[in-house]
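The values are calculated or read from the model by the stated rules, or taken from the named source; none is laboratory data. Remember, it's a predicted structure, so these values are computed and weren't measured experimentally. Cβ sites come from the backbone with ideal geometry, for glycine too, and all protein chains shown count toward neighbours.
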Amino acid sequence: MPSSGGSGVYRLSEMTWPEVEAAIEETQTMLLAVGNTEQHGHHLPLGVDVFMPDGIAERVAERTGCLLAPPVWYGVSPHHTFKPGTFTVESETFQHYVRDVCASAGDWGVENVLLLNGHYLAQDPELEIVVRELKNDHGMEAFHVPLVSVFRDAAERVRTSAVAFHAAEFETACMLELEPDTVHMDRAEAVDPSVDLPPLLGYDAYADNRVGTAFTPEEMAALTDAGNVGDPTAATSEAGRELVDDAVENVSMLVEALDGS
Ligand SMILES: [Zn+2]
């Protein structure tokens, strides 16, 4: 986990309360990385879904001066429990926890919250509800920011593999840029989905998935022995930099608009 370094004070876990009191005069916007701790194949660490949004959020905070909250490490991931090291909490537990964390920051002056979601599509519904509750019940401006959406343009430019779902090309590339020492490219292996999927369901984070569904641990275990789905060997650090830069650019734009309003 990178630290705040010398370029500015924004990482809340490293600040004193008088520093927060002063900072909240300058910015009322807070980033919160929301992920999960779960299996990511043979080649990536369990913390990918937090390392990615937190690393991107740190660069946004460096650039814009907004606040960066300690991340949420545990989320909703029943489908990955077929491998050890995976945690999962109930949907309502997660939803209430994230909402309460954000609402409590509202009590000392945070007005805008961006939930940077690194756990792909899996916990989108819960975070959409959190955003609605923060707005309606707590008077905060809140946004759900899935990483797959904020680096979509770069992903379309750099993608080389047909299937990009879990611990595959994009997550591996982002980790090569953000936390290269934790990536074991020598252990990476391509996994193609091996079961026939129903019509209208592309098994790809960027595909035109026209119907929604969920996967059980048994279905995931049948799809992949290694744990990843897609081809991580296609990942490069250059592609990772493009993805991360695109995300930083887009999220910074939103933060600057909020802090300027
Ligand atoms: Zn992941």
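Based on this model, can you work out whether V183 counts as within 16 Å of the ligand (Cβ to nearest atom), farther than 26 Å from V72 by Cα and either among the acidic types (D, E) or over 14 Å from the mean Cα position of the chain (by Cα) (or both)?
No: the conditions fail for V183.
Among the residues of the stretch 55-85 satisfying the criterion of being more than 13 Å from the ligand (Cβ to nearest atom) and among the charged types (D, E, K, R), which is surrounded by the fewest Cβ atoms within 10 Å (Cβ to Cβ)?
Selected residue: R63.
Would you confirm whether any residue within the stretch 206-219 is crowded, with 19+ Cβ neighbours inside 10 Å and at pLDDT 90 or above?
The answer is no; no qualifying residue exists.
Just a yes or no: is a residue in the stretch 211-225 at positive phi, part of a loop (DSSP other than H, G, I, E, B) and of a type outside the set (K, R)?
The answer is no; no qualifying residue exists.
Within the stretch 105-179, which strands (runs of 3 or more DSSP E) (wholly inside it) include 1 or more residues that are more than 16 Å from the ligand (Cβ to nearest atom) and buried (at least 19 other Cβ atoms within 10 Å of the Cβ)?
Those strands (runs of 3 or more DSSP E) span 112-117, 141-146.
Looking at the stretch 95-104, which of the residues that are touching a strand residue (DSSP E or B) at 6+ places or on another chain (Cβ under 8 Å) and of a type outside the set (A, V, I, L, M) is surrounded by the most Cβ atoms within 10 Å (Cβ to Cβ)?
The residue in question is C102.
Report, by residue number, each residue of the stretch 21-50 that is part of a loop (DSSP other than H, G, I, E, B) and more than 16 Å from the ligand (Cβ to nearest atom).
T27, Q28 - these are the residues of the stretch 21-50 that are part of a loop (DSSP other than H, G, I, E, B) and more than 16 Å from the ligand (Cβ to nearest atom).
Scanning the stretch 41-79 for residues that are small (G, A, S) and in contact with a Leu (Cβ under 6 Å, 6 or more places away or on another chain), which turns out nearest to A167 (Cα to Cα)?
Residue satisfying both the conditions and the ranking: G55.
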